[in-house]
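Chemist: Structure incoming, see below.
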Amino acid sequence: MPTDLALGIHDLSFSTTSLALSHDELSRHNGTDLAKYHRGIGQRAMSVPTADEDIVTMAAAAAAPIVRRHGADRIRTLVLATETSVDQSKAAGIYVHKLLGLHPHVRVVEVKQACYGATAGLQFATALVHRDPDQQVLVIASDVSRYDLDSPGEATQGAAATALLVSADPALVELDRPSGLFTTDVMDFWRPNYRSTALVNGKESVAAYLEAVEGAWRDYSAQGGLPLEEFRAFCYHQPYTRMAFKAHRQLLETCGVPADEAAVERALAATTAYNETVGNSYTASLYLALAALLESEHDLTGQALGLFSYGSGSVAEFFAGRVRPGYQEHLRRDAHREAVDRRRAIDYGTYRELHERTLPTDGGRHDLPHQTQGPFRLAGVRDHQRVYEAA
Ligand code: CAA
């Protein structure tokens, strides 16, 4: 088995929904000072799904450009990570497999651990590729973040999917071997099976995230990871973008380095461009931050990036990636900006109506209105079965 094989992210593509609610509009409804949203939590808008968009349509839309560019012959595993699953038994990735027209010789599985799931998928994928470097693994993170209307969490909703093609000799980011891990049983954020919105202890969730930064970093160092000063940039899970800044200050404090505010801003500013307007996309969020960083004006060739993945409940991982020479030729800057910019702004009333919608559960035939601008749609539910189609 080769030990010095470069393994990592060969391609990265994301998609989001067709609609967006701005925080200006939300603050007009609830009277919150807009500066709290723009500066306090660092959010400007949030993606909102149409009636015919969900984690499956976003996942397929994110992955389709990857399949178009590389073909699917070498993909023998598809991992879909989500905490907003559409079925208790069937893996959502099977619908995606069909929408993408993949060959049948693929193992498809769904993984869940709150916002950490995609990182687990990524690590499992590198192990599979290590075993057979001719194979590629498609790891897709897809989530719709939903809290109760008029709750403090409401301003931190959003939706997106990120697709990562994991391969040997990757074009974008090679993943380093040591990982720092941190798991602890905490009820900071959770969603019982009977609820469509998450429950959260807001302040406790922030504290749990920060404790996990420290715990994962300490383990990363104990595993022989790189020293802090070797890292050129950091990407954090961003439930709202200011959380990343809190996290970085925590990391510096853990390392005994004074947190110079201007330096913290500089270190993270390039990672928030997508998340501040897409909102929380749960397990996809860290990889939207990575996309924003790679697509920024900085030349990161050969540089080490620190990635911190946090999933409430909680499991966290700190790991490092090294940016590959020539990575800029493989980015999808224009497509990503278009996905974000083409969303239609909606008013509060439209958002509220969509938020309160649920799919019928009577087993009848229910067709959904064609609203998405994306390439795939949920056409309806029939006999308790979801029906997807190319839009
Ligand atoms: N101008 C500027 N800033 C203002 C302001 C104003 N007028 N008013 C308030 N602020 C600042 C506050 O000082 C505060 O800053 P600090 O965090 O630096 O102290 C910030 O805006 C938020 O204000 P509050 O704490 O008063 O806000 P809140 O009570 O509405 O709660 C929240 C904020 C806890 C994030 C809430 O939105 C929430 O519960 N969100 C969901 C949970 C979440 O995202 N948790 C993050 C960690 S868990 C995780 O990462 C997993 C996941 O994806 C969910």
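Derivation of every value follows stated rules applied to the coordinates shown; laboratory data play no part. What you see is a predicted model, and the numbers here were worked out from it, not measured in a lab. When we count neighbours, we look across all protein chains shown, and the Cβ atoms used for this are built from the backbone with ideal geometry, even at glycine.
Chemist: If Lys and Arg each add +1 and Asp and Glu each add -1, what is the summed charge of the other residues whose beta carbon sits under 12 Å from the beta carbon of R266? Walk me through the numbers before you get to the answer.
Modeler: Numbers: positive: R232; negative: D260, E261, E265.
Once positives and negatives cancel, what remains is -2.
Chemist: So if we plug the beta-carbon distance of A262 and L359 into 1/(1 + (r/R0)^6) with R0 = 51 Å, what FRET efficiency do we get, rounded to 0.05? Present the calculation step by step, with values, prior to reporting the outcome.
Modeler: Values: r = 48 Å, r/R0 = 0.95.
Calculated transfer efficiency: 0.60.
Chemist: Rank the residues I94, I140, I75 as a footprinting-exposure proxy: fewest other Cβ atoms within 10 Å of their Cβ go first. Write out the running numbers ahead of the final one.
Modeler: Working: I94 17, I140 34, I75 24.
Lowest count first: I94, I75, I140.
Chemist: Could you give me the ³J(HN,Hα) list for the stretch 209-220, computed from phi with Karplus coefficients 6.51, -1.76, 1.60 and θ = phi - 60°, whole Hz, x at Gly and Pro?
Modeler: 4, 5, 4, 5, 4, 5, x, 5, 5, 4, 5, 4
Chemist: Kindly work out what percent of the DSSP beta bridges joining two residues of the stretch 7-390 are antiparallel, to the nearest 5. Present the calculation step by step, with values, prior to reporting the outcome.
Modeler: Numbers: 52 of 71 bridges.
Here the antiparallel bridges make up roughly 75 percent for the stretch 7-390.
Chemist: Turning to a different aspect of this structure: Which residues' amide hydrogens lie under 5 Å from the amide hydrogen of I75, considering only partners 5 or more residues apart or on another chain, with H built in the peptide plane?
Modeler: Q136
Chemist: Quick check: net charge around T57, other residues with Cβ under 10 Å of its Cβ, Lys/Arg +1 and Asp/Glu -1? Walk me through the intermediate numbers first.
Modeler: Numbers: positive: R377; negative: D52, E53, D54, E389.
Result for the local shell: -3.
Chemist: On to the next question. Using the Cα centre as the reference, give the magnitude of the dipole from point charges on the C-beta atoms of the stretch 241-391 (Lys, Arg: +1; Asp, Glu: -1; all else neutral), rounded to the nearest 20 debye. Spell out each step's value before the answer.
Modeler: Details: 18 positive and 20 negative charges, 56 e Å.
It works out to roughly 260 debye.
Chemist: Please give the calculated 222 nm ellipticity per residue for the chain, where each DSSP H segment of at least 4 residues contributes -39500 (n - 2.57) and the sum is spread over every residue; nearest 500 deg cm²/dmol?
Modeler: Mean residue ellipticity, 222 nm, calculated: -9500 deg cm²/dmol.
Chemist: Still on this structure: How long is the gain from D341 to H38 if the chain were fully straight, where each residue apart is worth 0.36 nm and the alpha carbon distance is subtracted? Could the numbers behind the result be given before it?
Modeler: On the way: separation 303, 0.36 × 303 = 109.08 nm, distance 1.83 nm.
Here the answer is 107.2 nm.
Chemist: Treating the beta-carbon of each Lys and Arg as +1 and of each Asp and Glu as -1, no other charges, what is the dipole magnitude of the chain about its Cα centre, to the nearest 20 debye?
Modeler: Details: 38 positive and 49 negative charges, 133 e Å.
My answer is approximately 640 debye.
Chemist: Tell me, Kirkwood radius of the stretch 1-143 from alpha-carbon pair distances, in Å?
Modeler: Details: mean 1/r = 0.0591 Å⁻¹.
Across the stretch 1-143, the inverse of the average 1/r is 16.9 Å.
Chemist: Name the residues whose placed amide hydrogens come within less than 5 Å of the amide hydrogen of F189, ignoring near sequence neighbours (fewer than 5 apart) on the same chain.
Modeler: Result for F189 returns N201, G313.
Chemist: Given the C-alpha centroids of the stretch 9-61 and the stretch 372-391, what is the distance between them in whole angstrom?
Modeler: A separation of 21 Å, based on Cα centres.
Chemist: Moving on. Full extension from Q328 to E297: what is 0.36 nm times the residue separation minus their Cα-Cα distance, to one decimal in nm? Each step should come with its number before you reach the end.
Modeler: Details: separation 31, 0.36 × 31 = 11.16 nm, distance 1.00 nm.
That pair, Q328 and E297, stretches by 10.2 nm at full extension.
Chemist: Still on this structure: Between D148 and residues 5 or more places away or on another chain, which pairs have amide H atoms under 5 Å apart, with H built 1.01 Å from N, and which residues are they?
Modeler: Close amide H contacts, sequence-distant or interchain: A198.
Chemist: Something else: If you split all Cα-Cα distances of the chain into 10 Å bins from zero, what percentages do you get per bin, shortest first?
Modeler: 5, 25, 35, 25, 9, 1, 0
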